[in-house]
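A short worksheet on the structure shown next.
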Amino acid sequence: MPLSAAASAREILVRLHDVMAARTPAQAKLNQVVQIIGEAIGSEVCSIYLLREGVLELFATRGLAEEAVHVTRLAVGEGLVGTIARDMEVLNLDEAAAHPDFVYRPETGEDRFHSFAGVPIVRRERAVGVLAVQHVDPRRYADVEIEALQTVAMVLSELIANAGLIDKRGAADRPQPTTASRLTGQKLVDGMAAGYAVFHQPRIVVEQTVADDTEAERHRVYAAFDKMREQIDRMTREAEFGVGGEHEEVLETYKMFAYDEGWQRRINEAIDSGLTAEAAIERVQQRTRQRMRQIDDPLLADRMHDLEDLSNRLLRTVAGQLGTAAQLGLRQDTILIARNLGPAELLEYDRRRLKGVVLEEGSLTAHVTIVARAMGVPVLGRVRDVRREVADGDLLLLDVGEGAAFVRPSAAMEEAFEAKQKLRQQRKAAFARLRDVPPVTLDGHRVMLMVNAGLRDDVAALDATGADGIGLFRTEFQFLVSATLPQRERQQRLYREVLEQAGDRPVTFRTVDIGGDKALPYLHVEAGDEENPAMGWRALRVALERDGLMKAQARALLEAAAGRTLRVMFPMVSEPWEFDEAKALFERQRAWLSDRGRRLPVEVQYGAMLEVPALAEQLDVLLPRIQFLSIGTNDLTQFLFAADRANPKLAERYDWLSPSILRFVRRVAGEARAAGVPVAVCGEMGGRPLEAMALIGVGVDRLSITPAAVGPLKAMVRSVDRAELVACLDRLLAVPERSLRAGLSAWAAERGVELN
Ligand code: PEP
Ligand code: MG
């Protein structure tokens, strides 16, 4: 065929435009379509197979025997047509019968035809049918003809969707076992959950494929490109504050593609062929996907994701649908799918319907993980290709403990999942029975188990778990969930409610730790550009400089704790003078309130977090000034190892059970003990039984952990002999291995320590 791809597709689309617009029944339209395509590309046969009840049925043909229509049926995966639907790949063969998957159907009378080409008809990333052409002469179809067929297949998907011909079960829901799949990833927040897949950034289903006015479509694409470039530029600026979940590296690639002339040109060509802006973007994307599938290079595959994201963004821009799934609202039990998320983005979701999260990236101590843990939402991270393997609305079973997500599960998978879930609930119930028993080691040592909290609802965990108190209340969560800076009254109300609910159990409020990946949209302007926000202007550094923020919080805390003991802890203290200044600020507010006759706490206890290694060198200076110390192992680890806590590439590189961390903690705990200052660990590390055991073994006897870990930790504590454990750690740390994980696990197994 001597025409360009755009021209040949255009010729067909011009004729299809009238067919689509006519008020004739769908079957009549399909009959016309096969005629038009057959004529346009000079092919003796043109056939449309559509999926009905999970089977591909010949719906219309030009050239094959009429009697075969609605008679010839092929399973997905059967014959050439079934193979195309299963693999969603094009077949272009000069000798059809030579292909290993060829099956002959005598009723069609197709034995005269040698060449065969077929393309999948795709809807919502599922094959819903196949468009095929056949020819007597053994010839391969030219690329432009295949292109034209693919463009037409897009239009057909619209036609059959509008005519209600889409098989509701869809190719993917067919009962064959091949449809279910198991994706693996990293355990970020343990748990099991079932729900339907929802994309954080919803995908657009192209509703109109054939353009009424090509020029108008071209302008829509230009405008969308401009808008998208603006967004990317803004996101790049924002990334440094970690508002969204995107990494700078990803944004760099976005930027490269967003300004890529070639991409825009290809979309323009697709518009020239008669497609709408949306269909043109989708068409180019399909073509790229197909090309990339043939290249086996992980680096390129990553870039492919970036282009997919951007293409999706462009689609949403052109369709004017930029909201996230949270803004659209969840309608049923949901497993959220995203490349990555910021903590504030996650908090926007309805907690009653959000059952689980699957991330393509993510790491154990990123704040989105911590927030999800606080919300009790299981998270599976670092699941490669999740956005390719899962379609919107797919049923998903999440078993984070196994590091697995089951997509479109088979009945057997569902059964096994339910049985396991039941077992898990029984175990949970067993832990719940430990609620009122104290965490005391076999040799009589009482360990304090407290919970981490940040949202009002978290406080209920105190009663549910029987924890000793709240060892870390992350006050910045209230700031993260608000669209605007929470005023003092709102802060005070939250703190008072938390204290009232906690009753006589201690609550340690940490003053706001914002910055890093906990940036606030409304504080942008003040933060300025930062290359390295985790080590930048965050936490106490912001609070001491912008002291209006800290003053308001100090007053809110002091008034909320009237008549009680207030425990205040400062984050990211790097040098003792920072603690002094923060405490002085609080004390000035206390005096100010007192001068005005306000009711005040009976006592204020001040503590510091040890997250910056430098502080360990000045413990002799700091310890006499503080009433308690809490080691934040999330930040401490990232600074000790110089390894970004949110970087997925480093997520598994350094072990919490590395000698460096344990020796460091042992030394700090020893000095604090000698100075008579209680020391706790409040990082995520403490919530894992084996890690918690190691911490107790290096002298930590207070842990503040995620509520779900209280039961398992009580069981661990009650089954271990502390003196033996300390001796074990001393021994293992004297001549350490790369990690103490294996040694400690073996020791625990030998002694029957419960590590569930
Ligand atoms: C920590 O760094 O360990 C910690 C508890 O604080 P956050 O995770 O909120 O930074
Ligand atoms: Mg921290």
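A few points about this structure:
- The range 341-360, subset modelled with pLDDT under 85 and open to solvent by 20 Å² or more (accessible area, probe 1.4 Å), residue nearest to PRO533 (Cα to Cα): ALA344
For (1) free of Cβ contacts under 8 Å to residues at least 60 places away in the same chain; (2) more than 16 Å from ligand 1 (Cβ to nearest atom), each residue gets a yes or a no:
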residue: TRP537; (1), (2): yes, no
residue: LEU544; (1), (2): yes, yes
residue: ASP547; (1), (2): yes, yes
residue: MET550; (1), (2): yes, yes
residue: THR565; (1), (2): yes, yes
residue: ARG596; (1), (2): yes, yes
residue: ALA608; (1), (2): yes, no
residue: GLN618; (1), (2): yes, yes
residue: PHE639; (1), (2): no, no
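- Residue match in the range 44-59 (condition: without any contact (Cβ under 8 Å) to a residue 40 or more places away in the chain, surrounded by fewer than 23 Cβ atoms within 10 Å (Cβ to Cβ) and assigned to a helix (DSSP H, G or I)): no
- Where ALA709 falls short, out of the listed (1) touching a residue at least 40 places away in the same chain (Cβ under 8 Å); (2) open to solvent by less than 40 Å² (accessible area, probe 1.4 Å); (3) more than 14 Å from ARG446 (Cα to Cα): (1)
- Every listed requirement among (1) at pLDDT below 95; (2) open to solvent by 10 Å² or more (accessible area, probe 1.4 Å); (3) within 17 Å of ALA708 (Cα to Cα) is met by SER482 save one, (3).
- Here ALA646 clears all of (1) of a type in the set (A, V, I, L, M, F, W, C); (2) within 15 Å of ligand 2 (Cβ to nearest atom); (3) closer than 26 Å to GLU671 by Cβ except the condition numbered (3).
- Residue tally, condition open to solvent by less than 30 Å² (accessible area, probe 1.4 Å) and either charged (D, E, K, R) or outside any loop (DSSP other than H, G, I, E, B) (or both), over the range 716-742: 6
- Scope the range 468-508; condition assigned to a loop (DSSP other than H, G, I, E, B) and within 16 Å of ligand 1 (Cβ to nearest atom); matching residues: GLY469, THR475
- Those strands (runs of 3 or more DSSP E) of the range 598-703 in which 1 or more residues are open to solvent by 20 Å² or more (accessible area, probe 1.4 Å) occupy 603-610.
- Residue within the range 647-669 that is more than 16 Å from ligand 1 (Cβ to nearest atom) and under 29 Å from ALA460 (Cα atoms) present: no
- Scanning the range 362-375 for residues that are away from ligand 2 (no atom under 16 Å from the Cβ) and buried (at least 24 other Cβ atoms within 10 Å of the Cβ) returns GLY362, ALA372.
- Residue satisfying all of: in the range 84-100; free of Cβ contacts under 8 Å to residues at least 60 places away in the same chain and buried (at least 16 other Cβ atoms within 10 Å of the Cβ); farthest from the chain's Cα centre (by Cα) among these: ALA96
- Candidates ILE696, ILE661, ILE631, ILE705, filtered to the one that is over 21 Å from VAL573 (Cβ atoms), modelled with pLDDT of 95 or more and within 16 Å of ligand 2 (Cβ to nearest atom): ILE705
- Against the numbered list (1) more than 24 Å from ARG351 (Cα to Cα); (2) more than 16 Å from ligand 2 (Cβ to nearest atom); (3) not polar (S, T, N, Q), GLY515 comes up short only at (2).
- Candidates LEU364, LEU398, LEU359, LEU354, filtered to the one that is in contact with a strand residue (DSSP E or B) (Cβ under 8 Å, 6 or more places away or on another chain) and within 16 Å of ligand 1 (Cβ to nearest atom): LEU364
- Matching entry among GLU95, GLU147, GLU110 (being modelled with pLDDT of 90 or more and charged (D, E, K, R)): GLU95
- Residues of the range 567-594 that turn out to be open to solvent by 40 Å² or more (accessible area, probe 1.4 Å), over 17 Å from CYS682 (Cβ atoms) and within 16 Å of ligand 1 (Cβ to nearest atom), as a count: 0
- Of all residues in the range 214-229 being open to solvent by 80 Å² or more (accessible area, probe 1.4 Å) and acidic (Asp, Glu), the one that is farthest from LEU322 (Cα to Cα): GLU215
- In this structure, VAL612 does not satisfy being more than 12 Å from ligand 1 (Cβ to nearest atom) and aliphatic (A, V, I, L, M).
- Residues considered: LEU744, LEU740. Of these, the only one that is in contact with a Pro (Cβ under 8 Å, 6 or more places away or on another chain), touching a residue at least 24 places away in the same chain (Cβ under 8 Å) and more than 26 Å from ARG433 (Cβ to Cβ) is LEU740.
- Pairs are defined by a Cβ separation below 8 Å, a sequence spacing of at least 6 or placement on different chains, a first member in the range 191-205 that is assigned to a strand (DSSP E or B), and a second member that is polar (S, T, N, Q); the pairs so defined are MET192/GLN421; GLY195/GLN332; GLY195/THR334; TYR196/GLN332; TYR196/THR334; ALA197/THR334; VAL198/THR334.
- Condition check for ASP309: over 30 Å from TYR654 (Cβ atoms) and either open to solvent by less than 40 Å² (accessible area, probe 1.4 Å) or at pLDDT 85 or above (or both): no
- Counting residues in the range 101-122 that are surrounded by 15 or more Cβ atoms within 10 Å (Cβ to Cβ), assigned to a helix (DSSP H, G or I), of a type in the set (A, V, I, L, M, F, W, C) and over 38 Å from the mean Cα position of the chain (by Cα) gives zero.
- Residue check, ALA85 in contact with a strand residue (DSSP E or B) (Cβ under 7 Å, 6 or more places away or on another chain) and of a type in the set (Gly, Ala, Ser): yes
- Filtering the range 420-467 to residues that are under 12 Å from PRO707 (Cβ atoms) and either hydroxyl-bearing (Ser, Thr, Tyr) or over 27 Å from the mean Cα position of the chain (by Cα) (or both) leaves PHE431, ALA432, ARG435, LEU449, MET450, LEU462, ASP463, ALA464, THR465, GLY466, ALA467.
- Qualifying residue in the range 379-386 (condition: modelled with pLDDT of 95 or more and more than 22 Å from ASN312 (Cα to Cα)): yes
The values are calculated or read from the model by the stated rules, or taken from the named source; none is laboratory data. Computed from a predicted structure; not experimentally measured. No Cβ is skipped: glycine too gets one built from the backbone with ideal geometry, and neighbour counts run over all protein chains shown. With ligands, DNA and RNA removed, areas are computed over all heavy atoms of the protein, side chains included. Shrake-Rupley method; radii C 1.70, N 1.55, O 1.52, S 1.80 Å.
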